[in-house]
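Written out below as structure tokens is the structure these notes cover.
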Amino acid sequence: MDLRKIKKLIELVEESGISELEVKSGDEAIRIARPLAGGVARRVPEQEVGPAPAQATATDSASVVRAPMAGTFYQALEPGAEPFVRLGQRVEVGNVLCIIESMKMMNEITAQTPGTVAAIDVANGEAVASEQVLFRLS
Amino acid sequence: MSDLTQQIAEFLEQLIEHRHLPVSLWPQDAGSHEQYGLRCVDGSIVLGADLEVLEASAVQANLSATVADWLQQLDVYRALGSTNAYLMDRAQQGSVDGWICLADLQIQGRGRRGRRWMSPFAQNLAMSLGITVGASPATLGGLSLAVGLAAVDCLDSMGVRNVQLKWPNDLLLAGGKLGGILLELVSAAKVQVVIGIGLNLELSEVVRGEVDQVVADLSSHGYRVSRNVLAGKLASSIVDYVRQFERGGFAPMREAYEAHHAFQGRPCRIVSGHDEVIGVVVGVSETGALILETGTGRRSFVSGDVSLREAN
């Protein structure tokens, strides 16, 4: 990946207003993240009338759960079983969120902070890269 | 330990002492005794003459000096739910580094993704060990392959030649499944893993009939090995390979792995998550990923089920 390409990606992240972008091509991977508060100016929604929707504030205080290794993402212990967690579910520290399998190494990912599952960023059975965002807890 | 496991364990202790017991004493809730490899003759469950049960002292006597030093605890059970589940439970309370657990019979032997692993009484080796690994969690996948190689190396040193690996770490003998390995990460922060291995020494017809794949055992290929010796040597070999992995990662083992890989250079199919890909096995990467040459170029996989693709 050359510098020009990286610069383009940074511009893209800034313009779009998203907080994070991950691009993978072949053996190369790059993740561009920008701080949500302080430092970089944030886009303020035009219409700030009345209470902000719950989701908008959720992302602010969200704790992000990432994959510690590349592998396959599983939402349940085995095929056909109930998922460990569902969207909107309350989780406590130590609750299992998912399993990442890498070459028959099973890794139960547990919540490091209490919270509510605000987003599940990966579909069951999908491949994930190391450090990829799996869940957002609010 | 569940009540049922306890009942089976007590039955087995009695059986070992008396060599035969009325079948009526077998705990009914456990289902047929035959699925655990137990034979019934004239209303009695009979222990085979050459059957060897596990003894902690005998396993310990076969550990290498380094592994004997490393060992903190060695538990041998006549019956257990699953040796991996046992150590994973213990890990909730503290470190399991240096802990080896063996069972003569597993009630709920576990394979990958909820698959059952049959472990009939004293005809299989079911062993798990807990170990802290000095490596980053991101590279740990390669450890899974290293453990497979440790098993091949150990069996070879005991005269069992030609054991091959199916990526990532199934053990094959003459094309049938001889053994399986499952690793579970206790905690990514401490990088402690539980390594479970199941090996078939002898499979009865009943047990074979319950398995939905081609299986292999050591005895039908003419290999008679002591379970206690095998347990000690296998644990030693696994710890030795974990230490090698800590020093140099999987990369230095790559060549040896490929030399033992059953599907090297062969057309295969891999089912990984929702993906099904067909290609020719080029080999494995320095981190242990499977590399396939596909119609659209080379692709690497970190998880999935590989099978040989039958020639059309």
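Being on the phi > 0 side of the Ramachandran plot and not assigned by TED's automatic domain parsing to the domain that holds B:ALA85 is the requirement here; does B:ARG19 meet it? Taking the combined requirement at face value, the residue satisfies it. Of all residues in the stretch B:222-234, those satisfying the criterion of being loosely packed, with under 15 Cβ neighbours inside 10 Å and not charged (D, E, K, R) are B:GLY222, B:SER226. Scanning the stretch A:87-132 for residues that are in a strand (DSSP E or B), more than 10 Å from every other protein chain (Cβ to nearest Cβ) and either surrounded by fewer than 19 Cβ atoms within 10 Å (Cβ to Cβ) or in contact with a helix residue (DSSP H, G or I) (Cβ under 6 Å, 6 or more places away or on another chain) (or both) gives A:ARG90, A:VAL96, A:THR116, A:ALA118, A:ALA119. Checked against (1) away from every other protein chain (no Cβ under 12 Å); (2) modelled with pLDDT of 80 or more; (3) surrounded by fewer than 17 Cβ atoms within 10 Å (Cβ to Cβ), A:GLU78 passes all but condition (1). Does B:SER237 satisfy being without any contact (Cβ under 8 Å) to a residue 40 or more places away in the chain and either at negative phi or among the polar types (S, T, N, Q) (or both)? No, not satisfied.
Taking the stretch B:98-118 as the range and being touching a Phe, Trp or Tyr at 6+ places or on another chain (Cβ under 9 Å), at pLDDT 75 or above and surrounded by 18 or more Cβ atoms within 10 Å (Cβ to Cβ) as the test, the residues that pass are B:CYS101, B:LEU102, B:ALA103, B:ASP104, B:LEU105, B:GLN106, B:ILE107.
On inspection, B:SER219 does not qualify as closer than 30 Å to B:CYS40 by Cβ, in contact with a helix residue (DSSP H, G or I) (Cβ under 9 Å, 6 or more places away or on another chain), in the same structural domain as B:PRO120 (by TED's automatic domain parsing) and of a type in the set (Gly, Ala, Ser). When B:GLN93, B:GLN7, B:GLN108 are checked against the criterion of being over 30 Å from B:TRP167 (Cα atoms), in the same structural domain as B:PRO168 (by TED's automatic domain parsing) and either among the β-branched types (Val, Ile, Thr) or free of Cβ contacts under 8 Å to residues at least 60 places away in the same chain (or both), B:GLN93 stands alone in meeting it. Within the stretch B:187-216, the set of residues being charged (D, E, K, R), more than 30 Å from A:GLN112 (Cβ to Cβ) and in contact (Cβ under 8 Å) with a residue 40 or more places away in the chain comprises B:GLU202, B:GLU210.
Taken together, the residues in the stretch B:259-302 that are in a loop (DSSP other than H, G, I, E, B) and either surrounded by fewer than 17 Cβ atoms within 10 Å (Cβ to Cβ) or without any contact (Cβ under 8 Å) to a residue 40 or more places away in the chain (or both) amount to 9.
Restricting to the stretch B:214-251, and then to whatever is part of a helix (DSSP H, G or I) and touching an Asp or Glu at 6+ places or on another chain (Cβ under 9 Å), can you tell me which residue is farthest from B:LEU71 (Cα to Cα)? The residue in question is B:SER220. All of (1) assigned to a strand (DSSP E or B); (2) more than 14 Å from chain A (Cβ to nearest Cβ) hold for B:ILE181 with one exception: (2).
Of all the listed residues (B:VAL302, B:VAL277, B:VAL282), the sole one being aliphatic (A, V, I, L, M) and within 24 Å of the chain's Cα centre (by Cα) is B:VAL302.
The values are calculated or read from the model by the stated rules, or taken from the named source; none is laboratory data. Only a predicted model underlies this, so the values are computations on that prediction, with no experimental measurement involved. Backbone-built Cβ (ideal geometry, glycine too); neighbour counts: all protein chains shown.
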